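Note sheet for the following structure.
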Amino acid sequence: MSKYGVMVMGPAGAGKSTFCASLITHLQLNRRSAFYVNLDPAAETFEHAPDLDIKDLISLEDVMDELKLGPNGGLIYCFEFLMENLDWLTEGLESLTEEYLVIIDMPGQIELYTHIPILPRLVRFLTQPGALDMRLCAAYLLESTFVVDRAKYFAGTLSAMSAMIMLEVPHLNILSKMDLVKGQMKHKEFKRFTTPDKSLLDDDPVDLALRKAGVQINPQSSDPTDKDAVMSGATFKRLNTAVAGLIESFSMVSYLKLDCTDEDSVQAILSYIDDCIQYHEAQEPRELPDDEVEPAEE
């Protein structure tokens with residue numbers, strides 16, 4: 001019997017736990033069952049108590065104290081320990097019926113989504129035929145306020161693309177905390193950020209401010225070994241251009257928009273999750289109206 005799940009990922013502060021809480025509340029209000037799994041050993045407070053918590057298996061605080069590791073090293077050790085004790089995960093999940101949506105709240109350490117091969121192994125374990133046989137999708141959250149800083153936006157998008165390539169499961173990329181940008185940006189302008197491309201660097205607020213101050217930056221002629229080029233930001237501009245070009249060439253990433261304070265927005269994201277995992281095979285994802293982002297005042 002197949003199970004259904006979503007793995008909620010993203011950098012620290014992206015609103016993963018808030019989204020999990022909003023999703024659970026929405027499911028409960030609509031008489032659907034949710035099973036909340038916390039795999040962040042550093043998480044301390046929850047709006048909904050986890051049904052399965054990695055801290056019952058291993059504590060990050062204990063690992064840091066006993067092995068003298070920092071937070072990142074300690075977290076990696078916790079996940080390696082989890083991979084050696086997957087029976088704990090099986091015992092907690094195997095009795096669930098297909099009525100449940102398993103919501104897996106992941107930590108924010110970016111190493112897990114870029115180059116450390118722990119998560120792909122975990123995903124294969126969850127999805128392989130057997131006791132769990134879970135239809136799983138990934139939801140990668142990026143804070144919507146990053147759009148005002150193009151470097152952060154493209155760095156976050158690169159990590160989202162890395163997660164897509166590593167995990168090889170149906171994948172949703174989500175701009176979270178939309179309530180923080182309402183009224184600050186016109187809908188037409190914000191819509192450009194739902195599909196990343198290199199042209200977004202053309203009106204980077206940082207570059208515009210430098211040009212206004214009379215500073216001209218030509219990233220094509222910058223030399224990374226030139227101290228003046230480094231100090232002027234030319235090499236950083238060159239790096240951002242290269243990253244944006246790489247993302248555009250793969251053409252894999254596009255974003256949905258999420259406002260956890262809006263029930264319709266949470267429902268729209270849930271409909272995409274259901275479609276990815278084929279929870280309702282005849283269901284189509286629900287589109288939000290275009291006026292989700294309020295126009296900024298002229």
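Annotations
- Condition check for His115 on (1) in a loop (DSSP other than H, G, I, E, B); (2) under 16 Å from Val37 (Cα atoms); (3) open to solvent by 40 Å² or more (accessible area, probe 1.4 Å): one failure, at (2).
- Selection status of Gly13, farther than 20 Å from Asp264 by Cβ, surrounded by fewer than 18 Cβ atoms within 10 Å (Cβ to Cβ) and of a type outside the set (Asp, Glu): yes
- Hits in the range 121-144 (condition: of a type in the set (Ser, Thr, Tyr), over 16 Å from Glu111 (Cα atoms) and open to solvent by less than 40 Å² (accessible area, probe 1.4 Å)): Ser144
- Counting only helices (runs of 4 or more DSSP H) that sit completely within the range 1-93, those holding 3 or more residues that are in contact with a strand residue (DSSP E or B) (Cβ under 6 Å, 6 or more places away or on another chain) correspond to 16-29.
The values are calculated or read from the model by the stated rules, or taken from the named source; none is laboratory data. Not measured: the values here are computed from a predicted model. FYI the Cβ positions are ideal-geometry reconstructions off the backbone, even for glycines, and counts take in every protein chain you see. For the accessible areas, the whole protein counts, side chains as well, though only heavy atoms, and no ligand, DNA or RNA atoms are used. Shrake-Rupley method; radii C 1.70, N 1.55, O 1.52, S 1.80 Å.
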